[in-house]
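*Asks:* Dropping a structure here in structure tokens format, bear with me for questions.
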Amino acid sequence: MRQLYDQLKDTYRLTEYGERHPGQAAAQVPAERLTSLLTQLRDAHGFSHLVLMTCVDWLEQGQFQVTYILHNHTRRQDFILKVRVDRAHPVLPSIHTLWKQARVYQRELHEMFGLEFPGSPGIDEPMILESWQGPPPMRRDFDTRKFSEERYSHRPRSHSEPEARMKEQLYPED
Amino acid sequence: MPEDKEIVTPVPPAERPEWVKDERTLTNSGLPEEERDWFCDARPRRAEKSWRVVENFMNWARAHSLWILAFGTGCGAIELRPLVTARYDISRLGMQMRPTPRQASVFLIGGYVSLKTLKRIVRSYEQMQGPKFVVAVCSCAINGGMYWDSYNTIKRIDEYIPVDVYVTGCMPRPEAVLAGFNLLKKLIREGKAEGQNLYADKFDWFKANQKQVITDWNMPDYNW
């Protein structure tokens, strides 16, 4: 894996090489070289399987880190690519032309983190959050507890209050 | 107990479209014009009780043929498999699973309810024919459970549809669900499982709650 990294390092400006165990390497790549690097890895180096795309919110550094994991089936190797984007303008190239299934990941990242992938098909369709109003919920500055308390708070009623009924049944003397 | 205010929002005559007959007619406001004819615009009505002897007999019959529509929204639905298979075998109690709301009389909510599923739950509940009962299984459906601070999970299902029997647990064992069904049977025999009538009585309260969380309301106000 180190050999592959050294080979690609200068062309694609890879940095921060890391290897947890033989067969799994990680590297960071700038966003503008991402598509060409993924194409190179897929076509020339046998990393034909996009395992997943995911995102980490580095709130303190003002960045999103998008992670792409590729797998080589013949050599049983994983290559983890990390891309840092600015948190204020999180725009990344869409890779649905390389792997069709990437559009689903991109839809999800758009919904949960507010990342933009220009040109990705169906990116604005809601996946889980139908009729969502508010900031993307997986960002770290989104206060899920406050949102939940405001939106799904308990509403008073006059009928069938389970709390009162259970209290009556279990602790009638109180 | 304080009587909560009826949130009736009558359609004033000036703004009334011609197909809205009076202020009790549902406007089905989220629907496109051409789809309004497909749905009923009348509000749900109370099922009035008949003579006591007849009602007792009917309640006995109802209690012995509970057909279940299981809405497996979460992990509680896992417990339904042992319930229908050989060990607990609910068919000996006259219950069976049905695939469609039109054939079912018990609506079983098994697990957490997200906003997306709440829409489908309301719709399925309204499509069920009366008499219909709701059993909420799992803590998540009853009070939010471990999703009490989640951004997309509603906390209490009984604010959106009426619930007759609550089965707590995370997840409840099949014995607990069976005990819940026995309680439901007892309530039906006594004529106390009145969720359907509650829905008709407090229709505006339930509808206001549903519309408060489902902001793009593109469903008919009541569909059956």
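*Asks:* Whenever you get a sec, line up B:K186, B:K207 from highest to lowest accessible area (probe 1.4 Å, protein heavy atoms).
*Replies:* B:K186, B:K207
*Asks:* Where the accessible area of chain A is counted over protein heavy atoms with a 1.4 Å probe, how much of it, in %, is carbon and sulfur?
*Replies:* Carbon with sulfur: 50 percent of the solvent-accessible area.
*Asks:* Related question: Please compute, for the alpha-carbon atoms of the stretch B:97-213, the extent along each of the three principal axes and give them in descending order in Å.
*Replies:* Projected onto its principal axes, the Cα set of the stretch B:97-213 covers 39, 33, 25 Å.
*Asks:* Could you please put B:R62, A:R76, A:R145 in sequence from largest to smallest accessible area, using a 1.4 Å probe?
*Replies:* The ranking, largest first, comes out as A:R76, A:R145, B:R62.
*Asks:* Once you have all Cα-Cα distances for chain A, histogram them in 10 Å bins from zero and send the whole-percent values.
*Replies:* Histogramming chain A at 10 Å steps yields 8, 30, 26, 14, 8, 7, 5, 1 percent.
*Asks:* Shifting gears a bit: Please figure out what share of the DSSP beta bridges in the stretch A:2-152 is antiparallel and state it in percent, rounded to the nearest 5.
*Replies:* Given both bridge residues lie in the stretch A:2-152, the antiparallel proportion sits at roughly 80 percent.
*Asks:* For A:150-158, what's the mean count of beta carbons from other chains sitting within 10 Å of each residue's beta carbon?
*Replies:* Across the residues of A:150-158, the mean count of other-chain Cβ atoms within 10 Å is 6.
*Asks:* Could I ask something else about it? How far is the Cα center of the stretch A:32-105 from the Cα center of the stretch A:113-157, in Å?
*Replies:* The stretch A:32-105 and the stretch A:113-157 have Cα centres separated by 24 Å.
*Asks:* Can you pull the mean other chain C-beta count within 10 Å for peptide B:148-161?
*Replies:* Mean inter-chain Cβ contacts per residue within 10 Å come to 5.
*Asks:* Further question on the same structure: Ignoring ligands and nucleic acids, what accessible area does B:C170 show with a 1.4 Å probe (Å², nearest 10)?
*Replies:* Roll a 1.4 Å probe over it and B:C170 shows about 100 Å².
*Asks:* Distances longer than 19 Å among the Cα atoms of the stretch A:100-156: what percent of all pairs is that?
*Replies:* Everything past 19 Å amounts to 37 percent.
*Asks:* Sticking with this structure for a sec: How long are the semi-axes of the equivalent ellipsoid of chain B, defined as square roots of 5 times the Cα gyration tensor eigenvalues? Whole Å, largest first.
*Replies:* 31, 22, 16
*Asks:* Label the stretch B:30-79 by shape, choosing from rounded, prolate and oblate, from the square roots a ≥ b ≥ c of the eigenvalues of the Cα gyration tensor; if a/c is under 1.5 it is rounded, and otherwise prolate applies when a/b is larger than b/c, oblate when it is not.
*Replies:* oblate
*Asks:* Continuing with the same structure: Binning every alpha carbon pair distance of the protein assembly as shown at 10 Å from zero, what are the percents per bin?
*Replies:* 4, 18, 22, 20, 16, 12, 6, 2, 0
*Asks:* With n ≥ 4 as the cut-off for DSSP H runs, can you work out [θ] at 222 nm for the protein assembly as shown, using -39500 (n - 2.57) per run divided by the number of residues, rounded to the nearest 500?
*Replies:* After summing the helix terms and dividing by the residues of the protein assembly as shown, the value is -9000 deg cm²/dmol.
*Asks:* Take the alpha-carbon positions of the stretch B:80-143, form their convex hull, and give its projected area averaged over all directions (one quarter of the hull surface) in nm².
*Replies:* Value for the stretch B:80-143: 4.9 nm².
*Asks:* About its Cα centre, what dipole magnitude does the stretch B:52-196 give when the only charges are +1 on Lys and Arg Cβ and -1 on Asp and Glu Cβ, stated in debye to the nearest 20?
*Replies:* Using Cβ point charges on Lys, Arg, Asp and Glu, the stretch B:52-196 gives about 320 debye.
*Asks:* Do any trypsin sites (Lys or Arg not before Pro) in the stretch A:1-35 lie in a loop, going by DSSP, with at most 15 other beta-carbon atoms within 10 Å of their beta carbon, and if so which?
*Replies:* Those satisfying the criteria are A:R13.
The values are calculated or read from the model by the stated rules, or taken from the named source; none is laboratory data. Predicted, not measured: the structure shown is a model, and the values here were computed from it. Cβ coordinates were reconstructed from backbone atoms using ideal geometry, including for glycine residues, and neighbour counts include every protein chain displayed. In case anyone asks, the SASA skips ligands and DNA or RNA and just uses the protein heavy atoms, side chains included. Shrake-Rupley method; radii C 1.70, N 1.55, O 1.52, S 1.80 Å.
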